[in-house]
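The values are calculated or read from the model by the stated rules, or taken from the named source; none is laboratory data. These numbers come from a predicted model, not from an experiment. Cβ: placed from backbone, ideal geometry, glycine included. Neighbour counts: every protein chain shown. These area figures cover heavy atoms from the full protein model, side chains too; ligands, DNA and RNA do not enter into them. Shrake-Rupley method; radii C 1.70, N 1.55, O 1.52, S 1.80 Å.
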Amino acid sequence: MPSKETDQENSKESSSKMEIDSCTLKAVSSSPSEKIHLRPMTLSDIDDFMVWATDINVTRFCTWEPYTSREAGIAYINSFVLPHPWLRAICLDDDRAIGSISVTPVDSIRGEIGYVIGSKYWGKGIATEAVRLVAAEIFKEMPEMERLEALVDVDNIGSQKVLEKVGFVREGVMRKFMYLKGNVRDMVMFSFLPSDSLL
């Protein structure tokens, strides 16, 4: 998904071990209330995608508006998700997609993380665990990357807490940084480096 996506979470998490199997990342501890894994998103995920993509609460801080038709969702998956360099579905044990997380190259050494999760799953530590999974493995998959960063709306406290609980460093507020849904918004810059420690 595009960056500036969000989750509203307030649960505590502990560190966990990660397993990587080709394109699938799995959390093997039980720190979140639901075990999760990340896998490539496909067109067969369209019905699950529509659950969160049509929710105005989920899309409040996203760069995109809620989807209003299944056809538009299919077009988005075909045109953006499938060709994306690194985008994964966030899944529960039943392999059903409940959200997505992406790392989009900014330039030759920086990537920007973005994530979104269905509101039914807020407050369970799932987005935090998904971000932790990515931060633990992305520098191995993309060794040229020196910095993983996130831009979060100044009012998106839930997403800021997710990043802080993983170990991202809050670098400061970028004033009047971007135009979002008709308003010029202040954004908070976070970063995670290969030398940083996961919390």
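Taking the condition surrounded by 14 or more Cβ atoms within 10 Å (Cβ to Cβ) and in contact (Cβ under 8 Å) with a residue 24 or more places away in the chain, does ILE109 pass? Spelling it out, it is not the case that ILE109 is surrounded by 14 or more Cβ atoms within 10 Å (Cβ to Cβ) and in contact (Cβ under 8 Å) with a residue 24 or more places away in the chain.
Filtering the stretch 116-168 to residues that are among the polar types (S, T, N, Q) and under 13 Å from GLY99 (Cβ atoms) leaves SER119, THR128, SER159. With respect to being modelled with pLDDT of 95 or more, open to solvent by less than 30 Å² (accessible area, probe 1.4 Å), of a type in the set (Val, Ile, Thr) and farther than 17 Å from ASP45 by Cβ, VAL103 fits the description. For ASP93, the criteria (1) open to solvent by 70 Å² or more (accessible area, probe 1.4 Å); (2) in a strand (DSSP E or B); (3) charged (D, E, K, R) hold in every case but one, which is (2). Inside the stretch 159-181, can you point out the residues that are at negative phi, part of a strand (DSSP E or B) and open to solvent by less than 80 Å² (accessible area, probe 1.4 Å)? Scanning the stretch 159-181 gives VAL169, VAL173, MET174, MET178, LEU180.
When you look at VAL184, is it open to solvent by less than 70 Å² (accessible area, probe 1.4 Å) and either part of a strand (DSSP E or B) or of a type outside the set (Phe, Trp, Tyr) (or both), yes or no? In short, no. ASP55 meets all of the listed conditions (1) crowded, with 16+ Cβ neighbours inside 10 Å; (2) modelled with pLDDT under 90; (3) of a type in the set (D, E, K, R) but one, namely (2). Only a single item in (1) open to solvent by 10 Å² or more (accessible area, probe 1.4 Å); (2) without any contact (Cβ under 8 Å) to a residue 40 or more places away in the chain; (3) within 28 Å of GLY73 (Cα to Cα); (4) not in a strand (DSSP E or B) is not met by VAL131, and it is number (1). In the stretch 135-156, is there at least one residue being outside any helix (DSSP H, G or I), acidic (Asp, Glu) and open to solvent by less than 30 Å² (accessible area, probe 1.4 Å)? Yes, the conditions are met somewhere in the stretch 135-156. Just one of (1) without any contact (Cβ under 8 Å) to a residue 60 or more places away in the chain; (2) within 26 Å of ARG185 (Cβ to Cβ); (3) of a type outside the set (Gly, Ala, Ser); (4) not in a loop (DSSP other than H, G, I, E, B) fails for HIS84. It is (4).
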